[in-house]
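Engineer: First the structure, which I've put down as structure tokens, then a few questions once you've had a look.
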Amino acid sequence: MQIKESAEDYLETILRLQEQTGHVRSVDIAHKLGYTKASVSIAMKKLREHGYIHIDENGTITLNKTGQDIAIKIYDRHQTLTSLLIAAGVSKETAAKDACKIEHVISTESYLCIKNYFNSKIV
């Protein structure tokens with residue numbers, strides 16, 4: 001199933017916030033991404049309807065298996081591409097921004113080849 005870039009960003013953000021704080025609410029996502037609470041609320045509704053997240057009675061958001069798999073994939077790409085760009089001489093800030101764009105459009109084949117090449121060079 002194809003998922004939109006914005007949904008991938010939301011899932012990645014949920015994963016990162018869960019790792020940092022242990023729990024996530026819509027307001028946390030809005031703050032992290034700089035979006036309005038209304039925009040995040042609409043996105044969370046769509047992610048919940050598609051089975052990517054669960055929202056409990058207290059408003060705590062957790063990733064379902066499918067959502068977590070996507071979030072881990074995107075986060076891995078983000079970290080690897082950021083590291084690669086930094087190693088190539090790009091500033092940390094620019095590398096993170098560019099990696100965020102690249103992570104959504106790069107093919108799995110290209111990404112795995114880049115990751116394997118990069119990892120073989122730093123070992």
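The values are calculated or read from the model by the stated rules, or taken from the named source; none is laboratory data. This one's a predicted model, so the numbers in the text were calculated from it and none came from an experiment. Using ideal geometry, Cβ is built from the backbone for each residue, glycine included, and neighbour counts are taken over all protein chains shown.
Engineer: Going by the structure shown, is Thr36 surrounded by 13 or more Cβ atoms within 10 Å (Cβ to Cβ) and β-branched (Val, Ile, Thr)?
Structural biologist: No.
Engineer: Right, something else. Pick from Arg77, Arg48: which is of a type outside the set (Asp, Glu) and under 23 Å from Lys115 (Cβ atoms)?
Structural biologist: When all the criteria are applied, what remains is Arg77.
Matching residues to (1) over 14 Å from the mean Cα position of the chain (by Cα); (2) at pLDDT below 95; (3) closer than 20 Å to Ile106 by Cα:
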residue: Glu12; (1), (2), (3): no, no, yes
residue: His23; (1), (2), (3): yes, yes, no
residue: Ala30; (1), (2), (3): yes, no, no
residue: Tyr52; (1), (2), (3): no, no, no
residue: Ile61; (1), (2), (3): yes, no, no
residue: Asn64; (1), (2), (3): yes, no, no
residue: Gly89; (1), (2), (3): yes, no, no
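Engineer: Something else about it: Would you check which residues across region 1-51 are within 18 Å of Tyr75 (Cα to Cα) and of a type in the set (Lys, Arg) and list them?
Structural biologist: Lys4, Arg16, Lys32, listed by residue number.
Engineer: Taking the condition of being of a type in the set (Lys, Arg) and surrounded by 14 or more Cβ atoms within 10 Å (Cβ to Cβ), how many residues in region 104-123 meet it?
Structural biologist: Number satisfying all stated conditions: 1.
Engineer: I would also like to ask the following. I'm told Cys113 meets every condition in (1) modelled with pLDDT of 95 or more; (2) out of contact with any helix residue (DSSP H, G or I) (no Cβ under 8 Å at 6 or more places or on another chain); (3) in a helix (DSSP H, G or I); (4) not polar (S, T, N, Q) except one. Can you identify the failing condition by its number?
Structural biologist: With (1) modelled with pLDDT of 95 or more; (2) out of contact with any helix residue (DSSP H, G or I) (no Cβ under 8 Å at 6 or more places or on another chain); (3) in a helix (DSSP H, G or I); (4) not polar (S, T, N, Q) applied to Cys113, the lone miss is (1).
Residue-by-condition table, conditions (1) small (Gly, Ala, Ser); (2) within 21 Å of Lys4 (Cα to Cα):
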site: Ser26; (1), (2): yes, yes
site: Leu63; (1), (2): no, yes
site: Leu85; (1), (2): no, no
site: Lys92; (1), (2): no, no
site: Ala99; (1), (2): yes, yes
site: Lys115; (1), (2): no, no
site: Ser120; (1), (2): yes, no
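Engineer: How many of the residues in region 68-103 are within 16 Å of Thr13 (Cα to Cα) and surrounded by fewer than 16 Cβ atoms within 10 Å (Cβ to Cβ)?
Structural biologist: Number of matching residues: 6.
Engineer: Can you tell me how many residues within region 8-29 are within 18 Å of Cys100 (Cβ to Cβ) and crowded, with 18+ Cβ neighbours inside 10 Å?
Structural biologist: Of the residues in region 8-29, 10 are within 18 Å of Cys100 (Cβ to Cβ) and crowded, with 18+ Cβ neighbours inside 10 Å.
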